[in-house]
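*Asks:* One structure, as structure tokens, below. Some questions next.
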Amino acid sequence: MSRKINFTLFLTSFSETFGLGRKVALGAVIVVSFLILTAVVAFVESAPPSTLTIISGPVGSSYHTNAEKYRLILARNHVKVKVLTSRGSIENLQTLNARSSGVQVGFVQGGMTNGIDLDRLVSLGSISYQPLMIFYRGTTTVEVLSGLAGRRLAIGAEGSGTRVLALTLLATNGITAGGPTTLVDLEAEEAAQALIEGRVDAVFLMGDSASSRIMRKLLHAPEVHLLSFSQANAYTRRFRFLNKLELPKGSIDFGRNLPTQDVYLIGPTVELVARADLHPALSDLLLEAAREIHGNASLLQNRGEFPAPLEHDFRISDDAARFYKSGKSFFYRHLPFWLASMVNRILLVFVPMVLVIIPGLRALPAMYRWRIKLQIYRWYRALLRLERELADSSPEARREQLRRLDHIEEAVHKLKVPASFADQFYGLRGHIDYVRSRLGNGGAK
């Protein structure tokens with residue numbers, strides 16, 4: 001009962017303050033309450049998630065190693081990152097594209113998107129080169145892929161980008177499964193060991209499925225050589241997603257002069273791929289981490305070369321494009337992540353709401369007063385017409401005029417106006433009495 005009385009007092013106060021009727025005031029309170037509730041819900045739902053799931057690659061691969069680095073960096077901003085392992089780029093892409101996977105970000109090498117719907121995925125940019133390294137056994141130097149025909153080749157495990165690229169390049173050289181060449185699907189560790197033991201003649205390795213430790217092991221293994229792509233320029237012309245990379249002489253081991261000559265490699269770039277609905281704040285955090293992890297110089301890239309908004313198979317997300325152009329927003333640059341997120345959401349949600357409500361509340365009383373005035377002026381016009389007819393009217397006409405006056409008075413009595421219009425309301429009633437007295441006096445003033 002007390003709450004009902006309090007609400008009634010509030011509604012009456014609101015009505016009189018803004019010069020509104022009770023129904024209009026009640027409607028305004030309901031609309032404003034709805035807008036505030038909607039803003040609160042939007043504020044809560046727009047908060048960046050506190051968790052993120054990244055799909056990487058096999059344990060020990062460069063993909064998995066980098067994912068762990070992202071996990072540590074995002075933890076500084078109280079975002080918990082869950083790292084999932086996989087067999088490589090193809091599995092990453094399929095998992096990202098699955099609606100129910102719960103994975104938001106993953107590493108995908110270029111050229112892996114044939115037959116896959118990309119509408120739900122975007123790129124946050126390329127983060128590194130990923131060279132294809134082909135190690136082979138033998139006493140003769142192999143300079144072209146066709147030189148591996150008829151041998152036993154370990155081309156990578158199912159689901160890895162290594163296997164997809166290996167099959168593509170071998171097919172270009174006329175080497176396919178079922179022919180004289182034996183194609184073996186082996187994990188990187190097992191393939192490297194098989195090459196050292198002589199069970200296979202060559203292995204294809206890339207960072208999505210092999211660790212740098214395995215590659216260093218093969219570089220130092222006796223009787224094992226790294227294939228230099230003498231046709232590197234031709235491959236990059238045929239396959240636009242490939243890049244020509246140079247491994248300088250002695251860059252692996254100066255003391256042992258490994259490699260013993262400049263080696264030319266080919267490889268795609270690795271893209272940081274995300275679902276299109278990734279929260280903008282998480283996109284900024286990931287790109288900031290990418291600059292820290294991938295921005296330094298290495299054997300195959302210059303300092304500051306990555307991350308880069310290179311658009312290949314995936315479109316660059318709007319949030320990533322904005323980050324590359326202007327960096328993090330003002331609040332995220334100068335405030336802790338959680339506080340910047342809160343301030344940013346307040347500006348995005350509550351400020352527009354206030355900008356809508358205040359003009360609306362200002363306009364509502366004016367519109368309501370205009371409506372009330374129209375009602376009062378309507379009966380004033382009827383009263384004026386009636387008064388003009390009083391000068392020359394017969395007794396029968398006066399009876400009709402009295403009936404019309406009674407109708408006007410009855411209608412005016414039914415009017416509901418706020419207290420702010422009391423003077424006009426009572427003035428109208430007084431003028432009705434004045435016209436009635438004239439009717440009683442035969443129309444005399």
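The values are calculated or read from the model by the stated rules, or taken from the named source; none is laboratory data. Treat the numbers as computed from the prediction; the structure is a model and nothing was measured. A quick note on method: Cβ atoms are made from the backbone with ideal geometry, for glycine too, and the neighbour counts reach across all protein chains shown. Just the protein is used for accessible areas: all its heavy atoms, side chains included, with ligands, DNA and RNA removed. Shrake-Rupley method; radii C 1.70, N 1.55, O 1.52, S 1.80 Å.
*Asks:* Mind listing the long-range amide H neighbours of Ser128? Cut-off is under 5 Å, sequence gap 5 or more, other chains count too, H placed in the peptide plane at 1.01 Å from N.
*Replies:* For Ser128, the qualifying residues are Val270.
*Asks:* On to the next question. Please report the carbon-and-sulfur percent of the accessible area for the stretch 203-278; probe 1.4 Å, protein heavy atoms only, DNA, RNA and ligands left out. Intermediate results must be reported in sequence, preceding the final value.
*Replies:* Working: 1640 of 3520 Å².
Carbon and sulfur: 47 percent of the exposed surface of the stretch 203-278.
*Asks:* Residues with beta-carbon under 14 Å from that of Ala234, excluding Ala234: net charge, scoring Lys, Arg +1 and Asp, Glu -1? Don't skip to the end; give the middle numbers.
*Replies:* On the way: positive: Arg237, Arg238, Arg240, Lys244; negative: Glu143.
Net charge around Ala234: +3.
*Asks:* So what is the relative contact order of the stretch 61-123, in percent, for Cα pairs below 8 Å that sit 6 or more residues apart? All intermediate terms of the calculation are to be shown ahead of the outcome.
*Replies:* Working: 39 pairs, mean separation 15.6, N = 63.
Once normalised by length, the contact order is 25 percent.
*Asks:* DSSP loop (so not H, G, I, E, B), at most 15 other Cβ within 10 Å: list which chymotrypsin sites (Phe, Trp or Tyr not before Pro) in the stretch 229-313 pass both filters.
*Replies:* Numbers: sites: Phe229, Tyr235, Phe239, Phe241, Phe254, Tyr264; in loops: Phe229, Phe239, Phe241, Phe254.
Hits after loop and neighbour filter: Phe254.
*Asks:* Continuing with the same structure: Under the classification rounded if a/c is under 1.5, otherwise prolate if a/b is larger than b/c and oblate if not, where does the stretch 232-290 fall, given a ≥ b ≥ c as square roots of the Cα gyration tensor eigenvalues?
*Replies:* Verdict is oblate for the stretch 232-290.
*Asks:* Still on this model: Roughly speaking, what % of Cα-Cα pairs in the stretch 74-124 are separated by over 16 Å, rounded to a whole number?
*Replies:* On the way: 553 of 1275 pairs.
Considering the stretch 74-124, 43 percent of its Cα-Cα pairs are separated by more than 16 Å.
*Asks:* Quick check: Cα centre of the stretch 210-244 to Cα centre of the stretch 136-159, how many Å?
*Replies:* So the separation of the two Cα centres works out to 11 Å.
*Asks:* Rounded, prolate or oblate: which fits the stretch 52-105 when a ≥ b ≥ c are the square roots of the eigenvalues of the alpha-carbon gyration tensor, with rounded for a/c under 1.5 and prolate only if a/b beats b/c? Could the numbers behind the result be given before it?
*Replies:* Working: a/c = 3.10, a/b = 1.28, b/c = 2.41.
Oblate shape, in that a/c is at least 1.5 and b/c is the bigger or equal ratio.
*Asks:* Pull out a ≥ b ≥ c, the square roots of the eigenvalues of the alpha-carbon gyration tensor of the stretch 196-298, then state rounded if a/c is under 1.5, prolate if not and a/b is larger than b/c, and oblate in the remaining case. Provide the component values of the computation, followed by the final result.
*Replies:* Details: a/c = 2.05, a/b = 1.80, b/c = 1.14.
In terms of gyration-tensor shape, prolate.
*Asks:* For a 30 Å ceiling on Cα separation, which of these pairs sit above it: Lys80/Lys244; Lys217/Lys328; Lys82/Lys249; Lys69/Lys244; Lys80/Lys325? Before the final figure, lay out the partial values.
*Replies:* Working: Lys80/Lys244 37 Å; Lys217/Lys328 41 Å; Lys82/Lys249 39 Å; Lys69/Lys244 27 Å; Lys80/Lys325 27 Å.
From Lys80/Lys244; Lys217/Lys328; Lys82/Lys249; Lys69/Lys244; Lys80/Lys325, over 30 Å: Lys80/Lys244; Lys217/Lys328; Lys82/Lys249.
*Asks:* Right, here's the next one. Which of the trypsin sites (Lys or Arg not before Pro) across the stretch 257-325 are loop residues per DSSP, with 16 or fewer other Cβ within 10 Å? Can you show the working numbers first?
*Replies:* Details: sites: Arg275, Arg291, Arg303, Arg315, Arg322, Lys325; in loops: Arg303, Arg315.
Loop-located and lightly packed - Arg303, Arg315.
*Asks:* Could you order the peptides 203-210, 91-98, 283-290, 415-422 from most to least packed, using the average number of other C-beta atoms within 10 Å per residue?
*Replies:* Details: 203-210: 29.6, 91-98: 20.1, 283-290: 23.2, 415-422: 15.4.
Per-residue mean Cβ counts within 10 Å order the peptides as 203-210, 283-290, 91-98, 415-422.
*Asks:* Using the reciprocal of the averaged 1/r over all distinct C-alpha pairs, how large is the Kirkwood radius of the stretch 103-162 in Å? Don't jump to the answer; show the numbers that get you there.
*Replies:* Details: mean 1/r = 0.0661 Å⁻¹.
After inverting the mean inverse Cα-Cα distance, the result is 15.1 Å.
*Asks:* Moving on to the next point. Where in the stretch 50-110 are there trypsin sites (Lys or Arg not before Pro) that are in a DSSP coil and have at most 14 other Cβ atoms within 10 angstrom of their Cβ?
*Replies:* Taking the stretch 50-110 and a limit of 14 other Cβ atoms within 10 Å, the loop trypsin sites (Lys or Arg not before Pro) found are Arg76, Arg99.
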